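Below: one structure, written as structure tokens.
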């Protein structure tokens, strides 16, 4: 019996799950998936609200992470368009999560805003969120175009390069693998952004997507993001 218990407790999947849930992003994505699955059922509205509140609590430290990411992006080298949109995206997410934290403070009654103020705060949060996703889409598009050009150029040089030494060929293969991996990650994030953008757009009245469709989009994007994070924390590509 003890052997069976140890096999279950020490199973690699359990270890990976604990590692995944130990990160803020991992816990956030689990709650987001649970929240999305319940949005279509009216009887789960209270649970949905509490899950949303819990997610906001877990993200209280996230604004500083995005400021750090913005600083790192400003120090990194690369195409100007990609660098500018990367910096602006991180600053937008900083704004979104900062105002979202104020929404949480008002929701849990730690500090109560007037109805008018709370509405304005929520709108600012959605505007920054929409800006961040839009900039992420632009950044992803620019990066995808660049990577596609680099991929074609590298493959062309390989096909017309004639005889090359083993070291040169290995270097080209490594470079091509890096380009393809970066391309796949960029496309993955683009899909997530194209699903997520409808949430703030609808909240701001720019689109009129119904709650059912928003719930499905949110669930899919959460599963995709969660899967990618699972792979990253467990050392998988």
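For segment 179-219, the gyration tensor built on C-alpha atoms gives a prolate shape. Its axis ratio a/c (a ≥ b ≥ c) is at least 1.5, and a/b is the larger of a/b and b/c.
Each peptide in 74-81, 61-68, 188-195, 172-179 gets a packing score, the mean of other Cβ atoms within 10 Å over its residues, and the list from highest to lowest is 188-195, 61-68, 172-179, 74-81.
Rule-based calculations on the coordinates, nothing more; no lab input. Given the structure is predicted, the values throughout are model-derived calculations rather than measurements. Glycine also receives a Cβ, built like all others from the backbone with ideal geometry; neighbour counts cover every protein chain displayed.
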